[in-house]
Amino acid sequence: MVFPSNVITHAVAPRTGKRRGQEGRKEKQFFFGKYMMPLKEISIIIPTLNEEKVINQCLETVVNIPGIEVIVSDGGSTDRTVEIAGQHSDVKVVSSLTGRSIQMNNGATCARGEILLFLHADCVLSREDVLKIRQIFDSGIFVGGAFKIKLLSDKRTYRLIEMGINLRSKIFKLPYGDQGIFVKRSIFEKLGGFREMPVCEDLDFICRLKKCGRITMLNDRIFSSVRTWKNYGILRTSLRNQLLLASYMFRQD
């Protein structure tokens, strides 16, 4: 298979310490009309594994935005995921060992942005909402955050699930990975990124992030697939999620 020139086909090594050139990182400058304004660059990191059915929809709303870098960290897809992602000239595709936490860490290692946004391949986030993330860090109050979720189904059952997810996130400040977690790069590196865990890597990261400062839940919505509930059943998936949450929180106590 011939890959586009923006596809990096070697595996990226796990991060050890500071990235080369990190000390000299400077704010990029982007032109808006007559004016040149310094902006905090955002790096969007999308972990993938056989996501050919959804990756294009995910990418379409976040590519070609000034000051936004998009990285697809692929864990060894055997379908057309890499090919489809590589058709977007401004998307950097990197190969990684399989594992969501490993792939997100490797994507972060390749990233230039001062702000990191981790986006699941079966989620869609609007251009406008991506750009709002910059404003969150202007005040210096927050270290990270996530979005409300909107499940992509008209069934009433999913509205109830959606309400439960958003209520949990609002009250306990415990968003999951499919809610578009974003964080200051400096804080992400301080925490050592995501821990290599088979499940709950997003929950573990959020719990550690909350110890560094305040996180915010934006009212803007990220659109997320319901494929997990469809594949494994609504009741079984919901119960599993609650058991994983309870098990993780119990271990922390």
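Bear in mind that the values in this text are calculations on the coordinates, not laboratory data. Here the structure is a predicted model, which is why all the values come from computation and not from measurement. Note: ideal-geometry Cβ built from the backbone for every residue, glycine included; neighbour counts use all protein chains shown.
Based on what the data block shows, is Ile133 surrounded by 15 or more Cβ atoms within 10 Å (Cβ to Cβ) and either in contact with an Asp or Glu (Cβ under 9 Å, 6 or more places away or on another chain) or among the charged types (D, E, K, R) (or both)?
No: the conditions fail for Ile133.
Mind checking whether some residue in the range 137-159 is closer than 23 Å to Arg214 by Cα and part of a helix (DSSP H, G or I)?
Looking through the range 137-159, at least one residue is closer than 23 Å to Arg214 by Cα and part of a helix (DSSP H, G or I).
Being touching a His at 6+ places or on another chain (Cβ under 8 Å) and closer than 17 Å to Gln179 by Cα is the requirement here; does Ile46 meet it?
Yes; evaluated as a whole, the condition is true for this residue.
For residues in the range 225-240 being out of contact with any Gly (no Cβ under 9 Å at 6 or more places or on another chain) and in contact (Cβ under 8 Å) with a residue 24 or more places away in the chain, which is surrounded by the fewest Cβ atoms within 10 Å (Cβ to Cβ)?
Result: Arg227.
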